[in-house]
1. Quick one: pull the percent of accessible area on segment 4-193 belonging to carbon and sulfur, 1.4 Å probe, ligands and nucleic acids left out.
2. Write down the accessible area per residue of segment 564-716 in Å², having rolled a 1.4 Å probe over the full set of protein chains.
3. How do the peptides 44-53, 526-535, 311-320 rank, highest first, by the average count of neighbouring beta carbon atoms within 10 Å per residue?
4. Out of all DSSP beta bridges in segment 570-642, what portion is antiparallel? Express it as a percent rounded to 5.
5. Can you figure out the FRET efficiency of Ala577 with Asp83, using R₀ = 60 Å and their beta-carbon distance, to the nearest 0.05?
6. If you take the beta carbon distance between Asp152 and Ala91 as r and set R0 to 41 Å, what does 1/(1 + (r/R0)^6) give as a FRET efficiency, to the nearest 0.05?
7. So between Ser616 and Tyr275, what do we pick up on full extension, going 0.36 nm a residue minus the alpha carbon distance?
8. In nanometres, what is the gap between the two model label sites at Ser205 and Gln37, each 7 Å from Cα along Cα-to-Cβ?
Amino acid sequence: MIRQYELVERVKSYEPGADEALLNRAYVFSMKAHGAQTRASGDPYFAHPIEVAGILTELKLDSTSIATALLHDTVEDTGATIDEIGDLFGAETARLVDGVTKLGRLDLQSDQAHQAENLRKFLLAMSEDIRVLLVKLADRLHNMRTLRHIRDAGKRQRIARETMEIYAPLAERIGLQAFKAELEDLSFAELNPDGYRSMEAQLDSLRDQAGGIVERVTESLTATLRGERLRASVSGREKKPYSIWQKMQRKKLAFEKLTDIVGFRVVTESEEDCYRALGIVHRNYPMVPGRFKDYISTPKPNGYRSLHTTVIGPEQRRIEIQIRTRDMHEEAEYGVAAHWLFKQAGEARDDRQQRWLRPLLEILDKASGPEELLEHTKLEMFQDEVFCFSPRGALITLPRGATPVDFAYAVHTDVGDTTVGAKVNGRMVPLWTQLENGDQVEILRSSVPQPQPAWESFVVTGRARACIRRFTRLKEREQFVALGQAVAEKLFREAGEDYSEALLEGALARLKQRSVDDLLAALGRGDLTSGEVDEALFPARRLQGIARRALSVARGRRGTKAGDGGIPVRGLIPGMAVHLAECCNPLPGERIVGIVTTGKGVTIHTIDCDTLEGFSDTPERWLDLAWEAGAEEKGVHVGRLNLIVANETGSLSELTTAIAKNKGNISNLKITSRSLDFFEMLVDVEVRDVRHLGNIVAALRAVTSVSSVERERAHH
Ligand code: MN
């Protein structure tokens, strides 16, 4: 394990102005946070973040990145929070740690090989700051290096497959050749141990046959170059088992020659020296025709630059040689990461950030094949998408602006229909919360379907909208049928008859209805009045009593406006004082009845108001009323809500925001009781109609701090 001072020294070696204090604090914080946790290997857990930080010093990343590496698992695996990281290590570090933590969700995803491409894009999209991706890749590299310690073979396989399919290609994509090769090789060893062993065995035997040839060729080449006064370092490098294996698979060949497994590399001090070195090599050794490539004058699409040649070298061996400068070498090994060297130490952070992203975008820009081009196009399209996860790690792609309700419907209609709440990243959120890349969404469900009409105002997917509409229509109809049935039952009772579906069926034609349910729904909705239905059911029955007269007055007066109070209700007796009952606060859209009280006029109640029970013995005092068409536009309608709200910071503003967002206007708010944990309050809200109030109730129910919302009904 790298010691604290060693790590700091390494960073200082390439970044003289490194923030030493930051590194020291991050090191100690990580060690303390991970405490007694251990890895599968039995090592203390904090050895892992420290090794990850160590790997990143090889890329010469800045101290913020190194601190991020040290802290990268503290939020996911210890009690530390992002806020805490922000307070202790600054906003930039916190942002990076947060990014890495979110990428960590990917590790949860189960066997979804077919999603590999999506997941790679997810990683790119998430890594708004490329340093996040680099920390993640280093994290994965260290986990792969220590993979053998994990006992569960299935888990090892899953991690290796994921590395092969997602992380290695990503490393390649951003030009991190060194990471890519090692990730592939470690995965290969896990996924195909036989193949790996056979590659190693053949490498060993070739090495034995060659007997120190690599060293001798290296010395010989070095001497040749030095003889011509060219300063360069020469090295021989064996290819990795996986890359040989791949080459063999691709070309369907067996490997038997040293040339197949060793490459020589000449690193010079300048571009000019590259061409000089090439000249020297070609003058001294016969060149194999057709193998020379100049990637300096014409770099590869990913930015790779080098001269390649194959010659019959020392000891008559055919050898491949790459010639490049140190800069080119670093770029070849570390890709975009190489641009993050502290050459730019003095620049403003934003500039650095830009510089950092540009090479990545350029690489994508220079994409060669149609496939890569397509990929780039898709990358730009990410602007319109968000990538979210289920608690079990399934990746759900949604349009930007999507909410937990959209997420739920994207998972399954049943999930959407039974949604009652949502947790995003473990915290309760309102259902209209817009999801962000990497959010982990958990849907809280009820046992019965109950989508809310109000959801329609914030969902963005057509699927969610269609499902909500269908359900709402169905539900409304059910309610109207039930209401219509209650009204019909009352009509039968008043006529002294037993409730009879047959009789209702007999009246269908006259009322122009297709079925009994249609009839009841129309009656409930108010498309048919109880008087009309009564006449159709009992045409011969003479209207008797005051109640009947009142009803007939109501029918006769349909459409007349109330003279009093400006209450837009039809069926009132002209000149009679009228007011809305305070026990139920009727709203347009609700079924209403009037109760006539001598000297007081008419009091309007909702049909389900408890108060009406007190008048059940005096039907002569009931008036059948209905709201005028467009009543919601006339006058001010106030709904009264009884709320129980958690007594915590921000809860009041959350609920007022919810009401305001739904275009409700609070006209009065009264706290009726208050305890340590909860407020109970009455809130008067100006609304258009009962549906509007219903939307507000639904929105309030979705507010985390609101524990209950009921329409206020005073009981008498
Ligand atoms: Mn980690």
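1. Working: 3380 of 6960 Å².
About 49 percent, which is the carbon plus sulfur part of the accessible surface.
2. 48
3. Ranking, from highest mean packing down: 44-53, 526-535, 311-320.
4. Values: 11 of 14 bridges.
In segment 570-642, DSSP labels about 80 percent of beta bridges as antiparallel.
5. Values: r = 60 Å, r/R0 = 1.00.
For Ala577 and Asp83, the calculated efficiency is 0.50.
6. On the way: r = 38 Å, r/R0 = 0.94.
E between Asp152 and Ala91, to the nearest 0.05, is 0.60.
7. Values: separation 341, 0.36 × 341 = 122.76 nm, distance 10.60 nm.
Difference between extended and current length: 112.2 nm.
8. The answer from the label model is 4.6 nm.
The values are calculated or read from the model by the stated rules, or taken from the named source; none is laboratory data. Fair warning: this is a prediction, and the values are worked out from it, not measured in the lab. Glycine gets a Cβ as well: all are built from the backbone with ideal geometry, and neighbour counts include every protein chain shown. We work out accessible area using only protein heavy atoms, side chains counted, and drop any ligands, DNA or RNA first. Shrake-Rupley method; radii C 1.70, N 1.55, O 1.52, S 1.80 Å.
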